[in-house]
Amino acid sequence: MSTAAPDDVRRRVEELREQVEYHARRYYVLDDPEIGDDEYDALFRELQELEERHPELASPDSPTKRVGSEPVSQLTKVRHELPMLSLANARSAEELRAWIARMRGHLAREGIEDPAFTYVCEPKIDGLAISLLYEDGVFVRGATRGNGEVGEDVTHNLRTIKSIPLRIAAAPPVLEVRGEVYMSLPDFTALNERRAEAGLSTFMNPRNAAAGTIRQLDPKLAAERPLSLWSYGIGRVDGVRFGRHSEALDWLRARGFPVNEDVQVLGDEDAVVELCLGWEGRRGALTFEIDGVVVKVDDLELQRRLGSVGRDPRWAVAWKFPPTTKVTTLQNVFWNVGKYGDLHPFAALDPVHVGGVTVKLATLHNEEDLRRKDIRPGDEVIVTRAGDVIPQVISPAPHAVEREGRQAPPEPPAQCPVCETPTIKREGEVFTRCPNRMCPGRRWQLLKHFASEGAMDIEGLGEKQVDVLMREGLVRTAGDFYRLTPEQLMNVERIGEVSANRLVERIQASKDRPFGRVLFGMGIEGVGGVTGRNLAQRFRSIDALAAASAEEIAETPGIGPKVAALIHEQFRDPDMLALAEDLKALGLRMESEGAAPGEGVLSGKTLVLTGTLPDLTREEATERILGAGGRVTTSVSKKTDYVVAGESPGSKLEKAERLGVPVLDEAGLLGLLQSE
Ligand code: IVH
């Protein structure tokens, strides 16, 4: 039993909660951290320890509760006090202007002639609407929109979203914030990569991933699938009055809620139309998906006068981007072989113009999806291409399902389409596989992957070149790349002497890539870019990794028991061991460079780099510091041991001087490193 916490512990806990939330906000909302990751971790751990030792101080609004709450058994229904509205659409400049004319007409009938509208234009985030309830500044409940009247309680998952404040200062007694929960594109891609590596089905798009995550019962799942929030409005609020929507957004921003920076207040109709038309070209530059622009009347009194028709407020409209989907006929379904033998369906289509290009081929996601949606050759299907995304078939067009005499549903082939080996389907996996490790389809994927940017990054070794080299019989495994000679290459179609020499040089130069990248490049199932680096950090050599047990592998950050077993199994495979030996004999880095964390002349030291150094690039300096066991963070604090400053150092140097942190120049850094 713990005795009641003394006041100083209570105070420290309060202080830590505030600090952790403050720094989380600087990091996640403002993207401008003041302290390094280590320092943040230290604060967080201290808080966690104090709360464990003094359970009576536990509180649901503690930042430590962001992942710690228990799974719920089912989602409970929540009735929204004020309904969550939807939006009418406008799809052309004429429809936008017609919306404004309707508002003027409505107000004129109310006796308000010629209202001076200002408009707030906001990106329309493609995610899920949610409501966040705060009582006396503490986040107490979060709910999905549901049907607008009744949603579901997803507080446990919303707590895991770091950009949602758990407690706000200077708060009214009741505050309901509304916004859109979404998954950013980088987080979406990384999640799908992790899932694919673990043999799980992937999500179709970020919206589906966010929707699938927010309704999970176990918050641990949500914590592993990072979601984000943009707040765009206030539902109920007691004791605060706003005159304008833009004022409410500023108020929210000042209280730590993430409000999108692209929100614009405009004074006239033409400017609104111009902005909406211009947005389409900019959407590709965002790190999250938007499907249009929401235009709202800024004046809240006018909003009230305008009211709604059914579910749609008169005072707002959704400008929708032109569709990036089209209907066309699915000619046939073919199957691709992935680098692990995984078969993926793709569609041959009647050519169709969509999203600015002509599409003839599109992915069909996976075989389960194909079956579930009952897509068959001959069907009219809906094809989409948004931004840079690869074209995909989403579903059969509505009437296709009723067609008579439909062709048979496409099934994964019984034999590999490349090497004709009988295919297999493993228990619990979503795809059928070609089990032949020497399958040329698989080898092509593996070799392409080895040379690709994220792995060994060998310029000039793209998919075409790999294909030619395989067909000429020059390359079969990754090691073969390093045995290529300029003479051999010159005999290959369309490669001249200069290019042959250059390619060989580039291949040889890639031997310098760090061990983690080699691990990733080897095409070990379950090992992505990040996992490769983590395994390299933890095991430090290929021999140690190959000898490790599944349990030991599972101790690596980011690797669960399933993936650990999968990695372990692959190192029992003679081909994998032969590849490792071959790469080692060829002189690739099969060990981590420099000191292990915790050893070396800079071990335990935290350094910050600022400005341009005379000789070393930022990356080189970082590598050297890491190699000597040190850490590099991005912001200066009392815990920084050295700031290394070059030309045009900026505010970090000032801060170092203010805090009395020693400042080195490049020569000083090199001197330190040499003392090793
Ligand atoms: S305002 C009038 N603002 O769009 C109140 N909604 O089609 C409607 N959405 O359910 C909400 N970004 O999920 C508003 N900046 C934004 C938005 C936004 C995305 C979503 C929201 C809403 C749907 C309506």
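Quick notes on this structure:
- Here is how the number arises for the chain: DSSP H runs of 4 or more residues each give -39500 (n - 2.57), the sum is divided by the residue count, and the result at 222 nm is -11000 deg cm²/dmol.
- Taking only Cα atoms of the stretch 397-498, radius of gyration then Dmax in Å: 19.4, 61
- Extension gain for Glu497-Arg91 works out to 140.6 nm (0.36 nm per residue, less the C-alpha to C-alpha distance).
- Over the stretch 213-297: Rg over Rh, Cα atoms, Kirkwood Rh: 1.04
- Projected label distance in nm at Ala58 and Thr363, using a 7 Å step from Cα toward the beta-carbon: 4.2
- nm² value of the averaged projected area, convex hull over the Cα atoms of the stretch 545-649: 9.1
- Rounded percent of accessible protein surface that carbon and sulfur make up, the chain, 1.4 Å probe: 50
- On the beta carbon distance between Val468 and Asn208, with R0 = 56 Å, the FRET formula returns roughly 0.90.
- Listed cross-link partners Lys360/Lys448; Lys77/Lys373; Lys65/Lys605; Lys339/Lys448; Lys124/Lys320; Lys326/Lys464 are compared with a 19 Å cut-off, the Cα-Cα value being larger for Lys360/Lys448; Lys77/Lys373; Lys65/Lys605; Lys326/Lys464.
- Rounded accessible area per residue of the stretch 278-434, 1.4 Å, Å²: 48
- Histogrammed with a bin width of 5 Å, the alpha carbon distances of the stretch 228-271 distribute as 5, 18, 30, 22, 14, 8, 3, 0 percent, first bin at zero.
- Each part gets one Cα centre, and for the stretch 630-667 versus the stretch 201-215 those centres are 42 Å apart.
- Counting only protein heavy atoms and a 1.4 Å probe, the stretch 514-600 has 45 square angstrom of accessible area per residue.
- Alpha carbon convex hull of the stretch 61-137, volume per residue in cubic angstrom: 216
- Alpha-carbon Rg/Rh ratio, for the chain, with Rh computed the Kirkwood way: 0.99
- Antiparallel %, DSSP beta bridges [both residues in the chain], to 5: 85
- Where labels lie 7 Å past Cα in the beta-carbon direction, separation of Arg11 and Glu591 in nm: 5.3
- Distance histogram in 10 Å bins (all Cα pairs of the stretch 197-252, percent per bin): 17, 34, 21, 20, 6, 1
- Potential extension, Ser675-Glu429 segment - 0.36 nm per residue separation minus Cα distance: 83.3 nm
- When the alpha carbon coordinates of the stretch 115-227 are projected onto the principal axes, the ranges are 54, 35, 27 Å, largest first.
- When the alpha carbon gyration tensor of the stretch 479-583 is reduced to an equivalent ellipsoid, the three semi-axes, largest first, read 33, 13, 11 Å.
- Accessible-area rank, largest first, for Leu469, Leu673: Leu673, Leu469, with all protein chains present and a 1.4 angstrom probe.
- Against the empirical curve 2.2 N^0.38 Å, the C-alpha radius of gyration of the stretch 232-384 lands at a ratio of 1.49.
- Simple rule: put +1 on each Lys or Arg Cβ and -1 on each Asp or Glu Cβ in the chain, find the dipole, and look at Ile542, Val643, Gln264; the Cα lying farthest toward the positive end is Gln264.
- Compared with the direct C-alpha span, the chain from Asp218 to Asp575 gains 124.5 nm at full extension, assuming 0.36 nm per residue.
- Cut-off 11 Å (backbone N to label point 7 Å along Cα→Cβ of Asp665), residues of the stretch 615-646: 645-646
- Estimated dipole of the chain in Debye, rounded to 20 [Cβ of Lys and Arg +1, of Asp and Glu -1, Cα centre]: 1360
- Sorted largest first, the spans of the alpha carbon positions of the stretch 431-486 along the three principal axes are 38, 25, 18 Å.
- Semi-axis lengths, largest first, of the ellipsoid equivalent to the stretch 1-111 are 48, 21, 14 Å, with √(5λ) applied to each eigenvalue of the Cα gyration tensor.
- Rg/Rh for the stretch 285-362, where both radii come from Cα atoms and Rh is the Kirkwood radius: 1.26
- Candidate aspartates and glutamates for bridging to Lys655, where Cα separation is under 20 Å - those fewer than 8 sequence places away on the same chain excluded: Asp31, Asp32, Glu34, Asp37, Asp38, Glu39, Asp641, Glu647, Asp665, Glu666
The values are calculated or read from the model by the stated rules, or taken from the named source; none is laboratory data. If you're wondering where the values come from, they're calculated on a predicted model, not measured in any experiment. Cβ: placed from backbone, ideal geometry, glycine included. Neighbour counts: every protein chain shown. SASA here: full protein model, heavy atoms, side chains in, ligands and nucleic acids out. Shrake-Rupley method; radii C 1.70, N 1.55, O 1.52, S 1.80 Å.
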